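Participant: What follows is a structure written as structure tokens; I'll ask about it next.
The values are calculated or read from the model by the stated rules, or taken from the named source; none is laboratory data. A quick note: this is a predicted structure, and the numbers were derived from the prediction, not measured. FYI the Cβ positions are ideal-geometry reconstructions off the backbone, even for glycines, and counts take in every protein chain you see. Note: areas computed on protein heavy atoms with side chains; ligands, DNA, RNA excluded. Shrake-Rupley method; radii C 1.70, N 1.55, O 1.52, S 1.80 Å.
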Amino acid sequence: MSLLVVGLSHRSAPVSILERAALSADAQVKLLQDTLAAEPAAEGAVLATCNRIELYADVDKFHAGVAELSTLLAQHSGVGLEELTPYLYVHYEDRAVHHLFSVACGLDSMVVGEGQILGQIKDALALGQELHTAGRLLNDLFQQALRVGKRAHSETGIDRAGQSLVTFGLEQLAEGPDVETWAKGKKALVIGAGSMSSLAAATLARNGVSEIVVANRTTARAERLVQILTEPGGTGVAARAVPMVAVGDELTRADVVVSCTGATGLVLTVEAVEAAVGARETPLALLDLAMPRDIDAAAHRVAGVRLVDIESLAEASADAPMAADVDQVRGIVSDEVAAFGAAQRAAHITPTVVALRTMAADVVAGEMARLEGRLPGLDEKQRAEITQTVRRVVDKLLHAPTVRVKQLASEPGGAGYADALRTLFDLDPQTVASVSRADLNDADVKNRGRV
């Protein structure tokens, strides 16, 4: 089986396509279920963010896998396959590992170096574990990606190059890096209470807004976010929760609005924005971080309104400076890809080695049984000594070749050593397969819930 990723992102597709292809939570679940039902795939995981949709799978056939995963993405995104195909990218084996590790480090983000992607990778793994679509390969891959991302942030200055999409968006609204001066004393409305909205609220509070109003479809979630913002030792900002029906009224009071919901339709129409502006004297700043968009793009034409959305952020990020630490992170990614590949290749031969040692143990047991039939007078101590001697001989004969074959298997192109071992010792393929299944079940139990 081999690792394959098919996806699209802000680097390969215009925002209009990304917006239409965005997957709801339910669509992600169905996509994973259908991926496992597809013939070429044995495992599946989906990484869906505001600027990327990627489907990872363990497949047994490359071309059939690409065709099947592309078709599934088209079916569940609602964008026709012919229209979607020009924007899709494909990575296979080590290139797929390199891609995910680069994504985890923020090298492939709209804002280079941003750390929020780690939480999104963690969520993707958690969903795969919950649905049991992530087996040994994808568990290993995504957990290692999280470690690589954390290493990049702790060992380099990539954070100096990176910032969250929220901070970058606020800088665009402020038309400069001095967000604190721009935000000080302003009243903010945050629509949504998910991870991005929570980050937006915390960032606004840190930059000195005087009040934050949180609106969400589920009022309880809005209230939890407000509680976090106002708890002792927190941000100290005044905050309150309101239902979504109150958004129109709050628009007339807010100076800055950040919206990031999972809605499939518009949350703020141009008519609602026009009505709010008509009832106020100060400008209105809108930051739309949702995909698909929450705020009608036509709102930027309303006098007194400044709108920044994913599309304008993508354009602005193209000119953003990159830190020198990016090269160091790339080095870390390359090293980690090589280490991951070596570990996976070594693990590939383990079931064969285990099956060989099992066969050797069976031979020893059979010969000892035959010896007991020929020498029934052996006492317990003699029998144990002979058994131990035979086992030591077998272990010594197998030690060097099994250690060496593991070393060779960890090198590029080393997968053939497992086949050679099976052929030379005439190992039963069913025995090797049963060891592999046992390893997979053990990994699933061990990794379930570990993210």
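Participant: Would you mind computing, in nm to one decimal, how far apart the modelled labels at Arg11 and Ala342 are, each placed 7 Å from Cα along Cα→Cβ?
Facilitator: 2.6
Participant: Going toward the positive end of the dipole of the chain, with +1 on Lys and Arg Cβ and -1 on Asp and Glu Cβ, which of Leu286, Leu371, Ser195 do you reach last?
Facilitator: Leu371
Participant: Hey, another quick one. Keeping all protein chains in place, calculate the accessible area per residue for the chain (probe 1.4 angstrom), answer in Å².
Facilitator: 47
Participant: OK, next. Find how many whole Å separate the alpha carbon centroid of the stretch 227-272 from the alpha carbon centroid of the stretch 330-408.
Facilitator: A separation of 64 Å, based on Cα centres.
Participant: Another question, if that's okay. Please report, in debye to the nearest 20, how large the charge dipole of the stretch 266-343 is about its Cα centre when each Lys and Arg carries +1 at its beta carbon and each Asp and Glu carries -1 there.
Facilitator: For the stretch 266-343, the charge dipole is close to 180 debye.
Participant: So what is the calculated 222 nm ellipticity per residue for the chain, using -39500 (n - 2.57) for each DSSP H run with n of 4 or more, over all residues, to the nearest 500 deg cm²/dmol?
Facilitator: -18500 deg cm²/dmol
Participant: Residues with beta-carbon under 12 Å from that of Gln28, excluding Gln28: net charge, scoring Lys, Arg +1 and Asp, Glu -1?
Facilitator: Summing Lys/Arg as +1 and Asp/Glu as -1 gives -4.
Participant: Continuing with this model, one more query. Collect residues whose amide H, placed 1.01 Å from N in the peptide plane, falls under 5 Å from the amide H of Leu284; neighbours closer than 5 in sequence don't count.
Facilitator: Residues meeting the amide H criterion: Val305, Arg306.
Participant: While we're here: From the backbone phi of the stretch 288-296, what are the Karplus-calculated ³J(HN,Hα) couplings (6.51 cos²θ - 1.76 cosθ + 1.60, θ = phi - 60°) in whole Hz, Gly and Pro given as x?
Facilitator: Computed from phi, the couplings for the stretch 288-296 are 9, 9, 8, 9, x, 4, 8, 10, 3 Hz.
Participant: Which entry in (i) 22.8; (ii) 27.5; (iii) 20.0 matches mean projected area of the Cα convex hull in nm² derived from the coordinates of this structure?
Facilitator: Label of the calculated value: (ii).
Participant: Near Lys122, which lysines are there with a Cα under 27 Å away, not counting those fewer than 8 places off in the same chain?
Facilitator: Within the straight-line cut-off, Lys122 pairs with Lys30, Lys150, Lys446.
Participant: To continue, here is another question. For the stretch 134-143, just list the computed ³J(HN,Hα) in residue order, Karplus coefficients 6.51, -1.76 and 1.60, θ = phi - 60°, integers in Hz, with x standing in for Gly and Pro.
Facilitator: These are the phi-based 3J(HN,Hα) values: 9, x, 4, 4, 6, 4, 4, 4, 6, 5 Hz.
Participant: Please turn the phi angles of the stretch 19-26 into ³J(HN,Hα) values with the Karplus equation 6.51 cos²θ - 1.76 cosθ + 1.60 (θ = phi - 60°), one per residue in order, whole Hz, x for glycine and proline.
Facilitator: 5, 6, 8, 3, 9, 6, 4, 5
Participant: Once you have a ≥ b ≥ c as the square roots of the Cα gyration tensor eigenvalues for the stretch 37-104, tell me rounded if a/c is under 1.5, and otherwise prolate or oblate according to whether a/b is larger than b/c.
Facilitator: Verdict is oblate for the stretch 37-104.
Participant: Before anything else, pin down the relative contact order of the stretch 219-266: Cα pairs under 8 Å, at least 6 apart, normalised by residue count, whole percent.
Facilitator: 27
Participant: Along the positive direction of the dipole of the stretch 1-126 (beta-carbon charges: Lys, Arg +1; Asp, Glu -1; about the Cα centre), which of Gly106, Gly44, Ser24 reaches farthest?
Facilitator: Comparing the listed Cα positions along the dipole, Gly106 ranks first.
Participant: Right, here's the next one. For Asp178, what is the net charge nearby, where nearby means another residue's Cβ is under 12 Å from its Cβ and Lys, Arg count +1, Asp, Glu -1?
Facilitator: Neighbourhood net charge equals -2.
Participant: Give the ranking of His63, His399 by solvent-accessible surface, highest area first, calculated with a 1.4 Å probe.
Facilitator: His63, His399
Participant: With +1 on the Cβ of every Lys and Arg and -1 on the Cβ of every Asp and Glu, and nothing else charged, how large is the dipole of the chain about its Cα centre, in debye rounded to the nearest 20?
Facilitator: 1200
Participant: At a threshold of 8 angstrom on Cα-Cα distance, excluding pairs fewer than six apart, so keeping six or more, what relative contact order does the stretch 281-405 reach in percent?
Facilitator: Answer for the stretch 281-405 is 16 percent.
Participant: What spacing in nm lies between the two simple spin-label points modelled at Gln382 and Glu83, each 7 Å away from Cα in the Cβ direction?
Facilitator: 8.6
Participant: Please go through the stretch 267-358 and write out the GluC sites (Glu not before Pro) that DSSP classes as loop and that have at most 12 other C-beta atoms within 10 Å.
Facilitator: Glu281
Participant: Roughly speaking, to the nearest percent, how much of the chain's 1.4 Å accessible area is carbon and sulfur?
Facilitator: Heavy-atom surface of the chain belonging to carbon and sulfur, 1.4 Å probe: 53 percent.
Participant: Compute the FRET efficiency between Ala316 and Asp60 as 1/(1 + (r/R0)^6), taking r as their Cβ-Cβ distance and R0 = 51 Å, and round to the nearest 0.05.
Facilitator: With a Förster radius of 51 Å, E is 0.75.
Participant: Within the stretch 123-195, list the GluC sites (Glu not before Pro) lying in a DSSP loop whose Cβ has at most 14 other Cβ atoms in a 10 Å radius.
Facilitator: Here the GluC sites (Glu not before Pro) that fit, given the DSSP loop and packing criteria, are Glu175.
Participant: In addition: I'd like the trypsin sites (Lys or Arg not before Pro) in the stretch 105-172 restricted to DSSP loop residues with at most 16 other Cβ atoms within 10 Å, sorted by number.
Facilitator: Here no trypsin sites (Lys or Arg not before Pro) fit, given the DSSP loop and packing criteria.
Participant: Answer with one residue from Phe62, Leu72, Tyr89: the one whose Cα lies farthest towards the positive end of the charge dipole of the stretch 39-110, charges on Cβ with Lys, Arg +1 and Asp, Glu -1.
Facilitator: Of Phe62, Leu72, Tyr89, it is Tyr89.
Participant: Over the chain, what relative contact order in percent results from Cα pairs under 8 Å that are six or more residues apart?
Facilitator: 14
Participant: Next question, about the same structure. Quick check on the stretch 1-147: take the gyration tensor over C-alpha atoms, sort the square-rooted eigenvalues as a ≥ b ≥ c, and tell me if it's rounded (a/c under 1.5), prolate or oblate.
Facilitator: Here the stretch 1-147 falls in the rounded category.
Participant: Quick one: if you stick a label point 7 Å off each Cα along the C-beta vector at Ile228 and Arg280, how many nm between them?
Facilitator: It works out to 2.5 nm between the two label points.
Participant: Separate question: Under 5 Å between amide hydrogens, which residues at least 5 positions from Ile212 or on another chain qualify, with H placed 1.01 Å from N in the peptide plane?
Facilitator: Ala188, Ala238, Ala239, Arg240
Participant: Tally Lys and Arg at +1 and Asp and Glu at -1 over the other residues with C-beta under 13 Å from the C-beta of Gly208: what net charge comes out?
Facilitator: 0
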